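Read through the structure below, which is laid out as structure tokens, and then see the notes.
What follows is calculated from the coordinates using simple rules that are stated; it is not laboratory data. The model shown is predicted, which means the values in this text are computed figures rather than measured ones. As a convention, Cβ positions derive from the backbone with ideal geometry for all residues, glycine included, and neighbour counts pool all protein chains shown.
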Amino acid sequence: MSNSAEIPQPAGPADALRPALSPMALALRRFRRNRLAMAGLALLAIVVASSLAGIAWNHVAVMRGQPEPYRTPQPGIHPQPPSLEFPFGTDPLGRDLLARTLIGGGISIGVGLAAATVSILIGTFWGITSGYAGRGLDTVMMRIVDVMYGLPYILLVILLLVLFAEQTIWLRMVVLFMAIGGVSWLTMARVVRGQVLSLREAEFVQAARALGSGAPRIIVKEMLPNLTGPILVCATLTVPLAILQESFLSFLGLGVPPPLASWGTLASDAIEALNPVRVYWWLLVMPCSFLGATLLGLNFVGDGLRDAFDPRAR
Amino acid sequence: MLHYILRRLLYFIPTLLAIYTVAFLLMHAAPGSPFVQEKGLPPEVLASRMAEFHLDKPLWQQYLLYGWDIVSLRGHSSIKYPNRNVIHDILAPAFPVSLTLGICALAIALVVGTAAGVASAARPRSLTDYGAMVGAMIGISQPSFVIASVLLAVFALCLRWLPVGGWGSPSQIVLPAIALAALPAAYIARLVRTGMLEVLSADFIRTARAKGLPEHSVLLDHALRNAWLPVLGYLGPAAASIFTGSFVVEKIFAIPGVGTHFVDSALHRDHPLILATVLLYAVLLVVFNLAVDLGYAWLDPRIRYE
């Protein structure tokens, strides 16, 4: 009996008293035990909190009638290295880099969240419809996804942004958010469709159908709870990709319009100021460490969620 | 198999047509005209310039004319570079440069990523494992232009080991290829590591070890072949990331490749050059994706394409 540990022990009285855990609660417990994922979550919490604090700081300044810290040049000679007055230093135009990094965090995280939201909305709808309808509609919808997968999408995004470059700030921001979001729902649609296909044949779905449930009820009551895990994982892993794409577009000069900043525009400004005589390291290190922390945190949390919802898949 | 390839080739047509149509419509929906910068042109000159680029004709005629110019490989003269044919004078010399760079980067990503993944899976929780995974985290968490600039600053400006930029000698490929390879290499290392860890606990690995095979044979011949399948699935996205990454890396290292033309041509509303460049990238991507799918069948005999 060397493998007796693998045989489930009969439930003792203590277990009998404990209420049965739902799959969601089990996943949550597995997630909480994953140290890397929890560290990622803590990292994310710090970055998000500081970005919110930066936005609040700016708002307070506006309400008091003071100049907005992220766009106001400070007196003196710049760029200055980090000091007590400016913990992150200042940029070549004399603006406080701490304020700019925090505001930039708001924009970068916003782009990521917008992409995740678009991918959840369109991708889930597309995947469920395609998987549940089956047959002709499924073929057509998945063919569309295949063709769009084949498109070198970023080329079209660049084209879109370049061609609308002379529009107002708001239109440009909307185009930027939409363009990055529009790229990211394809993977979600495929993942959700795959799940729906297997759920459709599951016994509890058959039972619900036999009891007379209609399609909307089956989808909402039976399928969606089982789709939450994969959707959550896919959305979490969409965010870092969107943030990277935004920074890439920033480098090409297509990011958020100045004087607004994102981590991408800050990093690409820092690279423009790069020269072998004077090393303004803080210009690059500050925004990039925030960017790196966010991307790592998101990747850890995404991996943790995947392991938590599907323990066999590791 | 042949049937499958033919069907996939047939799918290229709607994909490429869709890309061409979207690019064409975007180009015309956008405000601004190619000749807006040339202020003070006499109306006759403007009219003849417009006629040269079919801009006086209805949209559907332009659509067909530009399409035919590209399909027949005849090309059209560029707006930004007068008297230079977009296919023969601009893209034909630039394409081999970008292709060489892309292939080098992909090769580096595959070799470094696989080696790091195998090394860290062979001794989990060792110093090698943590070292490789920290490296992978840096690759995943920084944009390629930051990595490229830091490499440039350290190895070209401070240490002066390698040239700052340009194209022609092998030493000029090293830094840009590494910068492009960083992200895919990091992903591949993680994929290989998880794949290897899973495979290494399988029964046939225990058998291989039990019959006394040397450890490197177990790792490389038996485990890696199975652990490598997910990497193949990632190659399509990896190629796309290297293609798009080449826009910024070519700019940073002053490499005369196709990437630089892409953004420039869109900024200058150079219609013939935009369309030709978009289609060149599109063809590359779809051909590469087909090659990847065929590679699956070669690596995993269980996969059959009907």
The long-range amide H neighbours of residue A:95, using H built 1.01 Å from N in the peptide plane and a cut-off of under 5 Å, are A:74
How large is the helix-only mean residue ellipticity at 222 nm for the protein assembly as shown, computed as the sum of -39500 (n - 2.57) over DSSP H runs with n ≥ 4, divided by its residue count, in deg cm²/dmol to the nearest 500? -22500 deg cm²/dmol
Between B:230, B:214, B:256, find the one with the highest GNM mean-square fluctuation for chain B; connect C-alpha pairs within less than 10 Å. B:214
Relative contact order (percent, whole number), the stretch A:224-307, Cα cutoff 8 Å, 6+ residue spacing: 39 percent
Just to be sure I understand: if I project the alpha-carbon convex hull of the stretch A:187-314 onto a plane and average over all orientations, what area do I get in nm²? 11.0 nm²
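Consider all pairwise Cα distances in the stretch B:117-248 and report the whole-number % of them above 19 Å.
In whole percent, the share of Cα-Cα pairs in the stretch B:117-248 beyond 19 Å is 59.
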For chain A, what are Rg and Dmax over the alpha carbons, in angstrom? 24.2, 79
Take the Cα radius of gyration of the protein assembly as shown and divide it by 2.2 N^0.38 Å, with N its residue count; two decimals is plenty. 1.06
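Within the stretch B:206-291, list the trypsin sites (Lys or Arg not before Pro) lying in a DSSP loop whose Cβ has at most 10 other Cβ atoms in a 10 Å radius. Don't skip to the end; give the middle numbers.
On the way: sites: B:206, B:209, B:211, B:225, B:251, B:269; in loops: B:211, B:269.
Taking the stretch B:206-291 and a limit of 10 other Cβ atoms within 10 Å, the loop trypsin sites (Lys or Arg not before Pro) found are B:211.
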At most 15 other Cβ within 10 Å, DSSP loop - trypsin sites (Lys or Arg not before Pro), the stretch B:40-82: B:74
Can you work out ³J(HN,Hα) from phi for every residue in the stretch B:239-253, in order, using Karplus 6.51 cos²θ - 1.76 cosθ + 1.60 and θ = phi - 60°, giving whole Hz and x for Gly and Pro? 4, 4, 5, 6, 4, 6, x, 5, 4, 6, 5, 4, 5, 5, 9
With springs only between Cα atoms under 10 Å apart, run a GNM on chain A and tell me which of A:220, A:145, A:157 wobbles the most. A:220
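Would you work out the relative contact order for the stretch B:113-254, in percent, from Cα pairs under 8 angstrom that are 6 or more residues apart?
Values: 150 pairs, mean separation 48.6, N = 142.
The normalised contact order for the stretch B:113-254 reaches 34 percent.
So if a site counts as exposed when it's one of the GluC sites (Glu not before Pro), its DSSP state isn't H, G, I, E or B, and it has at most 16 other Cβ atoms within 10 Å, what's the longest stretch of chain A without one?
On the way: sites that count: A:85, A:166, A:201.
Longest gap between qualifying sites, sites excluded: A:202-314.
Give a quick list of chymotrypsin sites (Phe, Trp or Tyr not before Pro) in the stretch B:121-170 that DSSP marks as loop, anything other than H, G, I, E or B, with at most 12 other Cβ atoms within 10 Å.
Of the chymotrypsin sites (Phe, Trp or Tyr not before Pro), the ones in loops of the stretch B:121-170 whose Cβ has at most 12 other Cβ atoms within 10 Å are B:161.
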Can you work out the base-10 log of I(q)/I(0) for the stretch B:217-306 at q = 0.22 1/Å, using the Debye formula on its C-alpha atoms alone? -1.05
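Ignore the peptide's own chain and count Cβ atoms of other chains within 10 Å of each Cβ in B:144-150; give me the average, rounded. Show your work: numbers first, answer last.
Values: counts 4, 9, 13, 1, 2, 8, 4.
Taking all residues of B:144-150 together, the mean is 6.
Over the whole of A:260-268, what's the average partner chain Cβ count within 10 Å per residue? Rounded to a whole number, please. Working shown, then result.
Numbers: counts 0, 0, 0, 2, 3, 0, 0, 5, 5.
The mean count of partner-chain Cβ atoms within 10 Å per residue comes to 2.
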What FRET efficiency do you get for residue B:298 and residue B:41 if R0 is 51 Å and r is their Cβ-Cβ distance, rounded to the nearest 0.05? 0.35
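When 1/r is averaged over all different Cα pairs and the result inverted, which Kirkwood radius in Å belongs to the stretch B:9-148?
Numbers: mean 1/r = 0.0501 Å⁻¹.
Computed over the stretch B:9-148, the radius equals 20.0 Å.
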At what distance in angstrom do the alpha carbon centres of the stretch A:98-112 and the stretch B:234-277 lie from each other? 27 Å
I'd like the Karplus ³J(HN,Hα) series for the stretch B:198-205: coefficients 6.51, -1.76, 1.60, θ = phi - 60°, whole numbers in Hz, and an x wherever there's a Gly or Pro. 5, 5, 5, 8, 6, 5, 5, 6
Would you mind classifying the stretch A:155-250 by shape? Square roots of the alpha carbon gyration tensor eigenvalues, ordered a ≥ b ≥ c; an a/c under 1.5 is rounded, otherwise it is prolate if a/b is larger than b/c and oblate if not. prolate
Tabulate in residue order the Karplus-calculated ³J(HN,Hα) for the stretch A:210-215, using 6.51 cos²θ - 1.76 cosθ + 1.60 with θ = phi - 60°, rounded to whole Hz; enter x for Gly and Pro. 4, 6, x, 6, x, 4
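Using 0.36 nm times the number of residues separating residue B:60 and residue B:48, minus their current alpha carbon distance, what extension gain do you get? All intermediate terms of the calculation are to be shown ahead of the outcome.
Values: separation 12, 0.36 × 12 = 4.32 nm, distance 1.99 nm.
Gain on extension, residue B:60 to residue B:48, equals 2.3 nm.
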Going by Cα centres, the stretch A:245-314 and the stretch B:42-68 are how many Å apart? 43 Å
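For the stretch A:101-225, take N as its residue count and report Rg(C-alpha) divided by 2.2 N^0.38 Å.
This ratio for the stretch A:101-225 stands at 1.33.
What's the FRET efficiency of residue A:20 with residue A:289 using the Cβ-Cβ distance as r and R₀ = 41 Å, to the nearest 0.05? Provide the component values of the computation, followed by the final result.
Numbers: r = 44 Å, r/R0 = 1.08.
Working from the Cβ atoms, E equals 0.40.
Average partner chain C-beta neighbours within 10 Å, per residue of B:283-296? Intermediate values should be presented prior to the final figure.
Values: counts 1, 1, 6, 5, 0, 0, 3, 1, 0, 0, 0, 0, 0, 0.
Neighbouring Cβ atoms belonging to other protein chains average 1 per residue here.
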List the relative contact order of chain B as a percent without decimals, with contacts defined as Cα pairs under 8 Å and 6+ residues apart. 26 percent
Rg followed by Dmax, in Å, when chain B is reduced to its Cα trace: 23.8, 86
Modelling each spin label as a point 7 Å along the Cα-to-Cβ direction, I'd like the residue A:213/residue A:281 distance in nm, to one decimal. 5.9 nm
Determine by what factor the alpha-carbon radius of gyration of the stretch B:172-237 differs from 2.2 N^0.38 Å, reporting the quotient. 1.39
